[in-house]
Amino acid sequence: MKLRPIQARALASLFDYRGLLAAMSVGAGKTILSAVAGTLLESERILLLVPARLKEKTRRDFAVLANHWRMSEVRIESYEKISRVSGADILANFRPDLLICDEVQALKNPRAAVTRRVWRFVVEHREEVIFVGMSGTIASRSLMDLHHILWMSLGPSRMPLPRRPPRLRIGRDVSI
């Protein structure tokens, strides 16, 4: 098993920039990136967020990939669990140093509980956490759909979009 060129470029960018927003289509190999990113970055606490419907499939895929790749241990949780009251403290208690969001369009709505929780965690731990967002359908209508996701991925200093769009609010007390 070997990396495709797009996977190799994505991992190189992740290593160089300490963050990544990857627009990769279905079948382009996002699962392998999720599986090996922690090893590449020497991360100790890796959290992978996926839609609930993909959680078990991702576990099975990781079991197969472990036969071919050196992988760090990855905790897999669903966006839906993070959005519930019972899952509100998962990020704070686990304190990932690598946060990977597959199907990152799940964080598109800045008013959603899951988006606010992920945003708050990344802002509060900007120096400690590396954020990776991956999807084949990141923005469906506008760059504004992903402004906050891009900020989490690249940080304020490497942000290619204007620092202040027409006032993007994330939660009650946090805005960019």
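At a glance:
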| item | result |
| --- | --- |
| Complete set of residues in region 1-47 that are in contact with a Gly (Cβ under 9 Å, 6 or more places away or on another chain) and part of a strand (DSSP E or B) | Leu20, Leu21, Ala22, Ala23, Ile46 |
| Filtered residues of region 113-130 (kept if farther than 15 Å from Leu49 by Cα and either in contact (Cβ under 8 Å) with a residue 24 or more places away in the chain or aromatic (Phe, Trp, Tyr) (or both)) | Arg120, Val123, His125, Arg126, Glu128 |
| Test: residue in region 114-125 that is open to solvent by 60 Å² or more (accessible area, probe 1.4 Å) and part of a loop (DSSP other than H, G, I, E, B) | no |
| Residues that are part of a helix (DSSP H, G or I) and surrounded by fewer than 16 Cβ atoms within 10 Å (Cβ to Cβ), drawn from region 55-80 | Glu56, Lys57, Arg59, Arg60, Asp61, Ala63, Val64 |
| Residue count for region 46-97, restricted to those that are at pLDDT 95 or above, touching a helix residue (DSSP H, G or I) at 6+ places or on another chain (Cβ under 9 Å) and among the aromatic types (Phe, Trp, Tyr) | 2 |
| Answer from Ala92, Ala63 - the residue that is under 21 Å from Glu124 (Cα atoms) and more than 15 Å from the chain's Cα centre (by Cα) | Ala92 |
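The values are calculated or read from the model by the stated rules, or taken from the named source; none is laboratory data. Bear in mind the structure is a predicted one, so any value in this text is a computation, not a measurement. Don't worry about glycine lacking a Cβ; one is built from the backbone with ideal geometry, like all the others, and counts go over all protein chains shown. Surface areas here come from the heavy atoms of the whole protein model, side chains and all, with no ligands, DNA or RNA. Shrake-Rupley method; radii C 1.70, N 1.55, O 1.52, S 1.80 Å.
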